[in-house]
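Chemist: Pasting a structure below so you can have a look.
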Amino acid sequence: MDVKHDGHDRPDIIAATRGGDASVGMDGEADPATASLEQALFWRDIYTEILTMEESVLARIHQLMTNQSPQARREVELTNVPVVEAQAGRFRVRLGFWQSRVEAHR
């Protein structure tokens, strides 16, 4: 059975696309333009927590890559690394939105 997917119904494609799109906030996230200081502090802390995790994941991937064959390492460089880097970039940008909002309240 040969089923063709355009990618729109694949959870991995949806997650990868969402993960790299800094314009997409998290479910339930307040609007940075109108958020209170309490909301800004909350979301700044959430994004800090997630970014810290993503950076740890990326560091671990690089550590594991040192023991891989060149072929395996290249595949990880082409697939895993860009996804995690894109996710970290998204969280870094979102953190910046919230940090700016916190500073605007002070």
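The values are calculated or read from the model by the stated rules, or taken from the named source; none is laboratory data. The structure presented is a predicted model; accordingly, all values stated were derived computationally and were not measured. Ideal geometry is used to build each Cβ from the backbone, glycine not excepted, and the neighbour counts take in all protein chains shown.
Chemist: Go through (1) modelled with pLDDT under 95; (2) surrounded by 11 or more Cβ atoms within 10 Å (Cβ to Cβ); (3) closer than 27 Å to R106 by Cβ and name the single condition Y47 misses.
Modeler: (1) is the only condition that Y47 fails.
Chemist: What is the number of the single condition among (1) of a type outside the set (D, E, K, R); (2) in contact (Cβ under 8 Å) with a residue 40 or more places away in the chain; (3) more than 30 Å from S100 (Cβ to Cβ) that Y47 does not meet?
Modeler: Every listed condition holds for Y47 apart from (3).
Chemist: Is it the case, given these coordinates, that V76 is modelled with pLDDT of 95 or more and either part of a helix (DSSP H, G or I) or touching a Lys or Arg at 6+ places or on another chain (Cβ under 8 Å) (or both)?
Modeler: Yes; evaluated as a whole, the condition is true for this residue.
Chemist: Which residues, taken from segment 17-46, are more than 26 Å from L78 (Cα to Cα), in a helix (DSSP H, G or I) and not β-branched (V, I, T)?
Modeler: If the condition is that a residue be more than 26 Å from L78 (Cα to Cα), in a helix (DSSP H, G or I) and not β-branched (V, I, T), then L37, E38, Q39, A40, L41, F42, W43, R44, D45 are the ones that fit.
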